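Contents: one structure, followed by commentary.
The values are calculated or read from the model by the stated rules, or taken from the named source; none is laboratory data. The model shown is predicted, which means the values in this text are computed figures rather than measured ones. Neighbour counts run over all protein chains shown; Cβ positions are idealised from the backbone, glycine included. Remember, those area values only see protein heavy atoms, side chains included, never the ligands or the DNA or RNA. Shrake-Rupley method; radii C 1.70, N 1.55, O 1.52, S 1.80 Å.
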Amino acid sequence: MSVGKIPEKIFELIDKTHFGDMILIEYEPFYAAELVTMILLEYARKGGLSIIIDDNLDCLHIVKEHLRFLGIEEDFKDAFVIKTGGKLNIGTVVGRVKIESEPAIYIKRYEEISSKTFTEVDRAVNIVLGLERLFAFVQNTREFYTLIGSIQSFLGNEKRKAFYIIDKNVALSLKYNLLPELERIASTVVYISGEHGEGKVIFKKSPYSDLVGQEFKFSLKDLIG
């Protein structure tokens with residue numbers, strides 16, 4: 001089985017985002033992270049864009065295996081991967097960041113790797129996986145806002161369209177819920193839910209007023225061939 005025919009409407013919606021934007025995608029379990037990642041890979045390849053993936057705590061491995069369960073073989077070989085924590089190498093790993101007890105040390109190392117990676121590409125689709133799990137290590141308000149500040153500093157980087165794919169249930173279970181701050185920073189906020197093979201996408205925030213509140217339905221069967 002392979003990737004099915006992704007509706008052009010989806011690519012048109014992604015085209016509406018700008019380089020420098022941060023797009024927040026909140027989801028509840030429905031293979032949403034896997035499907036969004038697959039769509040963004042197709043979008044980048046179709047547009048001749050580089051692919052940069054932030055892989056926090058081996059979440060890319062989970063996405064890869066879940067896609068395989070759906071019948072989609074994807075090796076991510078053309079993706080530059082920045083790993084934080086974890087030990088499983090998927091794609092072309094360009095740097096590793098240890099989870100440090102002091103966020104400032106982690107941020108410094110991450111920004112060094114990220115800056116070098118973006119310097120070596122023209123424009124990229126940046127897929128961020130598992131950020132909510134990284135926030136599980138936050139111990140206090142100072143650490144929380146130190147990390148939020150680092151994320152905020154990347155807004156406006158015109159070398160990337162950044163897609164933060166966040167498990168809503170995990171985020172809500174954390175001591176410090178990062179969703180309100182990410183929703184504030186993000187230029188576009190999308191919510192994905194579904195069950196029994198049918199899903200829906202709702203735009204909660206967008207620079208385009210006609211998209212806000214819009215609901216788009218899709219079928220898992222249509223997205224995988």
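Filter the stretch 6-60 for residues that are charged (D, E, K, R) and open to solvent by less than 10 Å² (accessible area, probe 1.4 Å) and give the result.
Quick first cut of the stretch 6-60, residues charged (D, E, K, R) only: 8-9, 12, 15-16, 21, 26, 28, 34, 42, 45-46, 54-55, 58.
Scanning the stretch 6-60 gives GLU26, ASP55.
Quick check on the stretch 77-121: of everything there that is among the aliphatic types (A, V, I, L, M), out of contact with any helix residue (DSSP H, G or I) (no Cβ under 9 Å at 6 or more places or on another chain) and open to solvent by less than 90 Å² (accessible area, probe 1.4 Å), which residue is nearest to LEU147 (Cα to Cα)? If we take residues in the stretch 77-121 being among the aliphatic types (A, V, I, L, M), out of contact with any helix residue (DSSP H, G or I) (no Cβ under 9 Å at 6 or more places or on another chain) and open to solvent by less than 90 Å² (accessible area, probe 1.4 Å), then ILE113 is nearest to LEU147 (Cα to Cα). Is it fair to say GLU143 is within 17 Å of the chain's Cα centre (by Cα) and closer than 28 Å to VAL94 by Cα? Judged against the criteria, GLU143 is not a match. Selection of first residues in the stretch 72-95 that are under 11 Å from ASN56 (Cα atoms) and small (Gly, Ala, Ser) and of second residues that are open to solvent by 50 Å² or more (accessible area, probe 1.4 Å) and outside any loop (DSSP other than H, G, I, E, B), restricted to Cβ pairs under 8 Å at least 6 apart or on distinct chains, gives the following pairs, ordered by first then second residue: GLY86/HIS61. Determine, yes or no, whether VAL63 is open to solvent by 40 Å² or more (accessible area, probe 1.4 Å), hydrophobic (A, V, I, L, M, F, W, C) and within 17 Å of the chain's Cα centre (by Cα). When the stated conditions are applied, VAL63 does not pass them.
Go through the stretch 173-205 and give me each residue that's of a type outside the set (Val, Ile, Thr) and in a helix (DSSP H, G or I).
Let us first name the residues in the stretch 173-205 that are of a type outside the set (Val, Ile, Thr), namely 173-184, 186-187, 191, 193-200, 203-205.
Of everything in the stretch 173-205, those that are of a type outside the set (Val, Ile, Thr) and in a helix (DSSP H, G or I) turn out to be SER173, LEU179, PRO180, GLU181, LEU182, GLU183, ARG184.
Residues of the stretch 192-210 that are open to solvent by less than 40 Å² (accessible area, probe 1.4 Å), closer than 30 Å to LEU147 by Cα and either touching a residue at least 60 places away in the same chain (Cβ under 8 Å) or not β-branched (Val, Ile, Thr) (or both): ILE192, SER193, PHE203, SER206.
For the stretch 124-172, filtering for residues that are touching a residue at least 24 places away in the same chain (Cβ under 8 Å), part of a loop (DSSP other than H, G, I, E, B) and either of a type in the set (S, T, N, Q) or surrounded by 15 or more Cβ atoms within 10 Å (Cβ to Cβ) (or both) leaves 5.
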